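One structure below.
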Amino acid sequence: MTTMANHTQPLTTPEYDLSHAVHANRLIGIWRLSRGFRWAYLAATVSLGIAAAGRAGAYLTLRYLVDTVLVGNRFGRELAYVVVAFLAASAAEGLFSYLSGLWAAQTAEGVAMRLRNYLFDHIQRLSFTYHDYAQTGDLIARCTSDIDSVRRLFADQAIGIGRIISLFLINLIALVRLNGPLAWLACAVLPLLFVASALFGRRVGAAFEAYQAQEARVCTVLQENLTAVRVVRAFARQDFERDKFDRENALKLERARGCLLYTSDAADDLLCVDLGGRRIIKKKKNNTRHHQVSNEQRCNQREETKATNTRISAR
């Protein structure tokens, strides 16, 4: 009988006692939970900001190409420089977006793996009395969906805060340089968004906890049915168990609807499009008038030149 001498772990995570991460403040708990991955997560956030700067640089390069190079018929070296600058900005955006996703994914998967191992070890050490009263489906939900929620927090949501701040600052600077009044008008709805976010954050917490509890009940019903499937079939209780699962699943869907928030920035878009469109039309009218005046002046100059030439010929 052979035994395995060395057991290699596919993914190593920094050792940390997660019992020290428990805190009344959730933000402090999340900060403690990320111990060992903070530098990687900081690098992911900085890379995301650089990617946002590269994206804004690509847009500004296109603006310079249209407004300066094409209008001014500068098709020499300047056009080549613009092409190189656009490719460099796009390459920087793609590269740092990839690095940001890579480091954020490493952090999220590492935290989730460490939390999953710690939770499994903790469940193994609980008393017999706890397992007598605890529902198996609830424990399964805690080890699967709850840990996956933590993973999504580090992979998408937390780093999304840095992405939003970076995009807002970079795009605001670019918009102010392009058109100041239009940029500040686009920011007019920000106070309303902050108020809506605060109200939503207060309500969604309770709704999400109710959804998680209902998901645990669904897992419990499913686990009990699969464990006792022979008894169910022996007493022909398939219809009863199906209806029971349908009720719990429908209630889960109803709880999920309470966690959804549909927002619309239609008012902001309408204001920006209206003001921007008016400015474009006004500028176009001014350019048209300028061209008309210039044409009239050219026609008058031609008539005067013809009259002068006629007088010289008559003499």
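The values are calculated or read from the model by the stated rules, or taken from the named source; none is laboratory data. Please read all numbers here as calculations on a predicted model, not as lab measurements. Positions of Cβ are generated from backbone atoms using ideal geometry, with glycine treated the same way; all protein chains shown enter the neighbour counts.
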Open item on the list: Just to check your reading of the model, which residue among A51, A58, A43, A21 is more than 30 Å from L178 (Cα to Cα), in contact with a helix residue (DSSP H, G or I) (Cβ under 8 Å, 6 or more places away or on another chain), at pLDDT 85 or above and not polar (S, T, N, Q)?
Closed with: A43
Open item on the list: Of everything in region 27-48, what is over 15 Å from I161 (Cα atoms), assigned to a helix (DSSP H, G or I) and hydrophobic (A, V, I, L, M, F, W, C)? Give them in sequence order.
Closed with: I28, L33, W39, A40
TODO: Output yes when any residue across region 276-299 is basic (K, R) and at pLDDT 75 or above, and no when none is.
DONE: no
- [ ] Just name the residue that is surrounded by the fewest Cβ atoms within 10 Å (Cβ to Cβ) out of those in region 126-169 that are in a helix (DSSP H, G or I) and of a type in the set (S, T, Y).
- [x] Y133
Open item on the list: With aromatic (F, W, Y) and closer than 15 Å to L167 by Cβ as the only criterion, which of Y81, Y59 stands out?
Closed with: Y59
- [ ] For L87, state whether it is over 21 Å from the mean Cα position of the chain (by Cα), within 22 Å of F168 (Cα to Cα), assigned to a helix (DSSP H, G or I) and not charged (D, E, K, R).
- [x] no
Open item on the list: Going residue by residue through region 183-190, is there one that turns out to be part of a helix (DSSP H, G or I) and in contact (Cβ under 8 Å) with a residue 24 or more places away in the chain?
Closed with: yes
- [ ] Assess whether N117 counts as being assigned to a helix (DSSP H, G or I), out of contact with any Leu (no Cβ under 6 Å at 6 or more places or on another chain), at pLDDT 80 or above and of a type in the set (S, T, N, Q).
- [x] yes
Open item on the list: Here are the criteria: (1) under 30 Å from T136 (Cα atoms); (2) of a type in the set (K, R); (3) in contact (Cβ under 8 Å) with a residue 60 or more places away in the chain. Tell me which single one R116 does not satisfy.
Closed with: (3)
- [ ] Give D239, D243 a once-over and let me know the one that is over 36 Å from the mean Cα position of the chain (by Cα), at pLDDT 80 or above, more than 19 Å from G137 (Cα to Cα) and not hydrophobic (A, V, I, L, M, F, W, C).
- [x] D239
Task: Residues located in region 122-138, provided they are under 34 Å from the mean Cα position of the chain (by Cα) and among the acidic types (D, E) - done: D138
